[in-house]
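Data block below; observations after.
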Amino acid sequence: MRGNLVYLKDVVSLQYEASRCVGCGMCSLVCPHGVFVQENGKARITDRDACMECGACARNCPTEAIRVQTGVGCAQAVINSVLGRTGDSCCSLDSGCC
Amino acid sequence: MDQPFVIGRVETAAGTIPQVSSQLTGRDRWGTVKARWGVGRMHYTVDPGLYALGEPGSEAPVLVSANYKLSFDHLRSALKDRCAWILVLDTKGINVWCAAGKGTFGTDELVFRVQASGLDRVVNHRLLILPQLSAPGVAAHKVRSRCGFKAVFGPVEARDLPAFLDAGMQATPTMRRKRFGLYDRMVLIPVELVHAFKWLALAAVIFFALAGALGTGSFAAAAAVFGLGPVTAMTTGVFAGAVLTPLLLPWLPGRAFAAKGIWAGLLATALLWPLGPGRASGVLDAVSWILGTVSVAAYLGMNFTGASTYTSLSGVKKEMRWAVPLEIAGFAAFVGLWLTARWTS
Ligand code: SF4
Ligand code: SF4
């Protein structure tokens, strides 16, 4: 999803080590925002700012070539953790995440 | 078995399996409406385990879902006139994506549920179709060695499942993307509103009470005359942050959600000028009204990151570093100016 819906520039913690990649293609397949493409038998990050740090790519990479600090991009969850509260007050329905 | 949406039972080698239909009943739909408005949303669950959709045979596909009733209903209603097995994981009543992020929709639970349900005696094939949005929790390459079933990621949206199945389990690139279209954003508005109104009601009581105590004339008259301004300002802020921001998200300037909220607040201020700053009794009250609207809108806009489908935690933290102090300062100035106006009048 590009269009007009892109979040902040140059903030995401996504890290990719091309030397470990075996080109299985799983990262491109699982990413809901098309961050990875496959090129010449390897993955390449094509749209870094579109990454939402969901961790799907890292979880499904068989060679651990991808690292990302996963978390939910939700202000309420950040506030709750700062205040030491727990709970799912921010869990949205199907669209977003909590 | 004794869940209202179970319409029958199917006998298999692994025992009796509850049967469900792809046709949602009025009761299912009413449940969806309630969940959308945040009523009993945390307890809207399906018992984990295997279900038969229609009359599936031993070759029918196995689809995996979360035990949030909305996720389950979404899946079965997308499979009109098809037969399939649905394996419901115990995600504590949370939808697929959130549960995958938390790890409850994860490799361990999937493997456990496959084994506990005796799935290998129910079907002849060894294939599980997972929603793509469960990928943050499920490592597909680890599933096979642990339970003998191969895990395949289906499309992001359940509605694309028929096309995915008919294409021999191939998803087009568009099926692999999570979008955030107008409809997706609209269905989130009720819950945002319900959430905000709880605070709004409390704040309104406080402002009316203060206005009554500080204003001139009888308590009731002063409460109405002087309390109306700040209460309409906050209400307008809620409308801007919880309704305008989601609706106009792609067109509001800025990338940060708090920035979008600020613009929505300014827009609402302009639209409602005669009701707000226009009828204020002085400059202080007028400025206070604008600050009240904009700070509330910025806060709620920022909170909408939790419902969006593309904000990263790193980004939200970065945005919050400037947005939270600004919102607090704006709100404090809103209250401060309004109080000052009461003393100087
Ligand atoms: S999942 Fe890992 S190994 Fe496979 S293409 Fe992506 S980076 Fe390379
Ligand atoms: S963390 Fe999620 S959004 Fe980011 S690249 Fe990986 S799969 Fe895509």
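The values are calculated or read from the model by the stated rules, or taken from the named source; none is laboratory data. Since we're looking at a predicted model, the values are computed, not measured. FYI the Cβ positions are ideal-geometry reconstructions off the backbone, even for glycines, and counts take in every protein chain you see. Ligands, DNA and RNA are stripped out before the accessible areas are found, and what is left, the full protein with its side chains, is counted by its heavy atoms. Shrake-Rupley method; radii C 1.70, N 1.55, O 1.52, S 1.80 Å.
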statement: Once amide hydrogens are built 1.01 Å from N within the peptide plane, the residues lying 5 or more places from A:Phe36 or on another chain with amide H under 5 Å from its amide H are A:Thr46
- prompt: Using +1 on the beta carbon of Lys and Arg, -1 on that of Asp and Glu, and nothing else charged, what's the dipole of the protein assembly as shown about the Cα centre, debye to 20?
  reply: 400 debye
- line: Expected output for the range A:1-43, residues with a loss of 30 Å² or more in accessible area relative to the chain alone at probe 1.4 Å, reads A:Met1, A:Asn4, A:Leu5, A:Val6, A:Tyr7, A:Leu8, A:Lys9, A:Val11, A:Leu29, A:Val30, A:Pro32, A:His33
Cα centroid separation - the range B:242-317 against the range B:67-95, whole Å: 36 Å
query: Quick one: how many Å² of B:Arg9 are accessible to a 1.4 Å probe, rounded to 10?
result: 150 Å²
task: Give me the Kirkwood hydrodynamic radius of the range B:175-247, using the inverse of the mean 1/r over all pairs of distinct Cα atoms, in Å to one decimal.
output: 14.0 Å
- line: Across A:47-60, the residue-averaged tally of Cβ atoms belonging to other chains within 10 Å stands at 6
message: Could you tell me the relative contact order of chain B? Use alpha-carbon pairs under 8 Å, at least six residues apart, and round to a whole percent.
response: 11 percent
- prompt: How large, in percent, is the carbon and sulfur part of the accessible surface of the protein assembly as shown at a probe radius of 1.4 Å?
  reply: 61 percent
- request: Considering only DSSP beta bridges where both residues belong to the range B:38-190, give the percentage that are antiparallel (nearest 5).
  value: 40 percent
- prompt: Mean separation of Cα pairs under 8 Å and 6+ residues apart, divided by the residue count of the range B:1-136: what relative contact order is that in percent?
  reply: 26 percent
- line: Sorted on mean Cβ neighbours within 10 Å (highest first), peptides B:212-222, B:126-136 come out as B:126-136, B:212-222
field: Of the chymotrypsin sites (Phe, Trp or Tyr not before Pro) in the range B:35-71, those whose Cβ has at most 15 other Cβ within 10 Å and which sit in DSSP loop
entry: B:Trp37
task: Restricting things to alpha carbons, find the Rg to Rh ratio for the protein assembly as shown using the Kirkwood radius for Rh.
output: 1.05
field: Accessible area buried at the A-B interface, both sides summed, 1.4 Å probe (Å², nearest 100)
entry: 4700 Å²
task: For every helix of n ≥ 4 consecutive DSSP H residues, a contribution of -39,500 (n - 2.57) applies; sum these over the protein assembly as shown, divide by its total residues, and give [θ] at 222 nm rounded to the nearest 500 deg cm²/dmol.
output: -14000 deg cm²/dmol
task: For the pairs B:Lys142/B:Lys178; B:Lys260/B:Lys317; B:Lys198/B:Lys318, note any where the Cα-Cα span goes beyond 20 Å.
output: B:Lys142/B:Lys178; B:Lys198/B:Lys318
query: Which ³J(HN,Hα) values in Hz, rounded to whole numbers, follow from the phi angles of the range B:162-170 under the Karplus curve 6.51 cos²θ - 1.76 cosθ + 1.60, where θ = phi - 60° and Gly and Pro get x?
result: x, 5, 5, 5, 5, 8, x, 6, 10
- prompt: Relative contact order, percent, of the range B:175-281 when contacts are C-alpha pairs under 8 Å separated by at least 6 residues?
  reply: 23 percent
For chain B, share of DSSP beta bridges that run antiparallel, in % to the nearest 5: 50 percent
query: Between B:Ile328, B:Ile86, B:Ile290, which gets the highest mean-square fluctuation from a Gaussian network model of chain B, Cα cutoff 10 Å?
result: B:Ile328
- request: Calculate, in nm to one decimal, what B:Arg144 and B:Trp30 gain on full extension: separation in residues at 0.36 nm each, minus their alpha carbon distance.
  value: 37.2 nm
- prompt: Accessible area drop of at least 30 Å² (1.4 Å probe, protein heavy atoms): which residues of the range B:171-210 qualify, relative to the chain alone?
  reply: B:Arg176, B:Arg177, B:Lys178, B:Leu188, B:His195
Computed magnitude of the charge dipole of the range B:11-148 (debye, nearest 20; Cβ of K, R +1, Cβ of D, E -1): 440 debye
task: Using the heavy atoms of the protein chains and a 1.4 angstrom probe, tell me the accessible area per residue for chain B in square angstrom.
output: 43 Å²
task: Return the whole-Å distance between the Cα centroid of the range A:1-50 and the Cα centroid of the range B:112-164.
output: 24 Å
query: Restricting to the protein assembly as shown, what percent of DSSP beta bridges are antiparallel, rounded to 5?
result: 60 percent
query: Under 12 Å Cα-Cα from A:Lys9, which aspartates and glutamates qualify once same-chain neighbours fewer than 8 residues away are excluded?
result: A:Asp47, A:Asp49, B:Glu319
message: For the pair B:Thr216/B:Ala270, report the inter-label distance in nm, with labels modelled 7 Å from Cα in the Cβ direction.
response: 3.6 nm
statement: Of the residues B:Val316, B:Trp289, B:Ala203, the Cα lying farthest along the dipole of the range B:183-344 towards its positive end, which is defined by charges on the beta carbon of Lys, Arg, Asp and Glu, belongs to B:Val316
